[in-house]
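Step one of this worksheet: look at the structure below.
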Amino acid sequence: MTTALPTPPDVIRCAYAELVVTDLQASKWFYTELLGLVVTHETEDTLYLRAFEEYLHHSLVVRQGPVAALAKFAYRVRTPGDLDLAEEYYRALDVPVRRVPAGTTRGIGEAVQVVDPLGFPVEFFHEAEHVERFTQRYDVHGAGAISRLDHFNVVTPDVPAARAYYEGLGFKVSEDIEDERGTVYAAWMYRKPTVHDVALTGGDGPRMHHIAFATHERSQILHLCDHLGAVRRSDQIERGPGRHGVSNAFYLYLLDPDGHRIEIYTHDYYTGDPDNPVITWDVHDNQRRDWWGNPVVPSWYANASTVLDLDGNPRAVVERTDDREADVTIGADGFSYTRKDDEAVGFKVGHQV
Ligand SMILES: O=S(=O)(O)c1ccc(O)c(O)c1
Ligand SMILES: [Fe+2]
């Protein structure tokens with residue numbers, strides 16, 4: 001008989017990520033000059049950054065280090081008391097747990113740091129320093145203005161197991177991708193009333209697939225592309241711009257100087273009612289990941305960032321044993337159906353590759 005877990009902490013939303021980069025100045029250009037994130041604080045080796053609608057100290061920490069990696073994902077919990085619940089919950093899960101004092105991370109109060117059952121370094125906090133909210137500081141917004149952090153995307157070998165773990169934390173599924181045999185390739189899960197705070201991507205993990213910032217308008221995403229073209233750094237555009245099938249958001253994937261994937265994503269849709277319906281996509285539907293049926297570049301399936309443990313050591317990855325999406329759609333997308341039973345037309349990109 002399995003012992004019931006204690007009450008989980010009340011997670012409000014994804015709140016910040018800490019990335020390790022190998023060249024802080026190169027990363028500073030990318031995150032401030034290109035993306036326009038606001039520098040809340042800067043030290044010799046660390047940047048604390050926030051987007052325009054954010055009033056907590058930061059939503060992204062970029063720290064110089066020897067190995068490019070994700071140092072942690074952080075979720076905000078509703079009350080200080082939720083830290084006790086987090087500590088008890090993760091000790092019951094028998095994973096590494098640390099309670100750290102306020103200020104361990106500049107601008108963040110007392111926190112509970114864990115290596116979650118999926119192998120990711122995760123922090124839970126409530127208290128954080130308030131700073132100026134630039135919502136209407138149009139005098140400093142660039143044409144590519146970014147409003148806030150929207151979600152994390154994690155690569156994990158067993159999506160159903162990861163889904164069950166996050167459901168234990170009170171997350172709900174908004175959309176997922178499956179096949180006719182019931183293999184689950186990806187799932188999107190939320191606490192805040194949008195499509196996701198975390199997405200589960202089936203693959204060798206734990207690895208970070210991307211972190212995403214939201215922006216209000218497609219024109220802001222298009223400006224980021226034009227800006228990269230103007231400075232001859234269009235190779236930092238990995239995928240898009242385009243319209244997602246899942247989430248319906250207009251999207252762009254960029255690679256920072258270390259190859260960390262950053263998505264810029266217009267707002268998706270409201271999921272806050274208790275009977276929000278789940279959308280399940282067929283992995284062979286060519287419009288699931290790009291509504292216009294454009295191919296997903298192979299690197300988007302293959303590449304992801306190393307994650308660290310609580311002592312800063314890179315974690316080994318576990319291979320996915322279920323079918324891999326890039327295989328079942330026969331290489332990059334474009335080799336899936338547009339209309340399910342329409343044999344006459346064949347694949348959108350034909351047999352070009
Ligand atoms: O490519 S998908 O349409 O499946 C997609 C949907 C939402 C996301 O945030 C994402 O990264 C990818
Ligand atoms: Fe995303």
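The values are calculated or read from the model by the stated rules, or taken from the named source; none is laboratory data. Just so you know, these numbers come straight off a predicted model, no measurement behind them. Here the Cβ is made from the backbone with ideal geometry for all residues, glycine too, and neighbour counts use every protein chain on show. With ligands, DNA and RNA removed, areas are computed over all heavy atoms of the protein, side chains included. Shrake-Rupley method; radii C 1.70, N 1.55, O 1.52, S 1.80 Å.
Taking the chain as a Gaussian network, Cα atoms linked when under 10 Å apart, which of Leu34, Leu49, Leu149 shows the biggest mean-square fluctuation? For the chain, modelled as a Gaussian network with Cα springs under 10 Å, the answer is Leu34. Dipole check for the chain: with +1 at the C-beta of Lys and Arg, -1 at the C-beta of Asp and Glu, and the Cα centre as origin, the magnitude is about 540 Debye.
In order along segment 60-70, the phi-based Karplus estimate (6.51 cos²θ - 1.76 cosθ + 1.60, θ = phi - 60°) of 3J(HN,Hα) comes to 8, 10, 10, 10, 5, x, x, 10, 5, 6, 8 Hz; Gly and Pro are listed as x. Could you identify which residue out of Arg191, Arg91, Arg63 has the top mean-square fluctuation in a GNM of the chain using Cα springs shorter than 10 Å? Sorting by GNM fluctuation, first place goes to Arg91. Result for the chain in a Gaussian network model with C-alpha springs under 10 Å: among Ser299, Ser27, Ser147, the largest mean-square fluctuation is at Ser299. Note on segment 192-224 and segment 4-19: Cα centroid distance 18 Å, given to the nearest whole angstrom. Placing unit charges on each Cβ (+1 for Lys and Arg, -1 for Asp and Glu) gives the chain a dipole about its Cα centre, and among Tyr337, Tyr31, Thr280 the Cα reaching farthest toward its positive end belongs to Tyr31. Let me cross-check Trp281: its accessible surface, 1.4 Å probe, with only protein heavy atoms counted, in Å² to the nearest 10? Ignoring ligands and nucleic acids, Trp281 comes out at about 30 Å². For the chain, the alpha-carbon radius of gyration amounts to 0.97 times the rule-of-thumb value 2.2 N^0.38 Å expected for a compact globular protein. Counting only heavy atoms of the protein chains and using a 1.4 Å probe, Lys172 has close to 80 Å² of accessible surface.
Quick one: if you stick a label point 7 Å off each Cα along the C-beta vector at Asp45 and Asn276, how many nm between them? Roughly 3.9 nm, to one decimal. Taking the chain as the region of interest, the number of lysine pairs whose Cα atoms are within less than 20 Å, with members eight or more places apart or on different chains, is 4. If you sort Asp258, Asp116 by accessible surface, 1.4 Å probe, largest first, the order is Asp258, Asp116. Site pair Val140 and Val231 shows an inter-label distance of 1.8 nm when each label is modelled 7 Å from Cα along Cα→Cβ.
Considering only Val154, His58, Thr306, and ranking their Cα positions along the charge dipole of the chain that arises from unit charges at the beta-carbon of Lys, Arg, Asp and Glu, the one farthest toward the positive end is His58. Beta bridges from DSSP with both residues in the chain: antiparallel share about 70 percent, rounded to the nearest 5.
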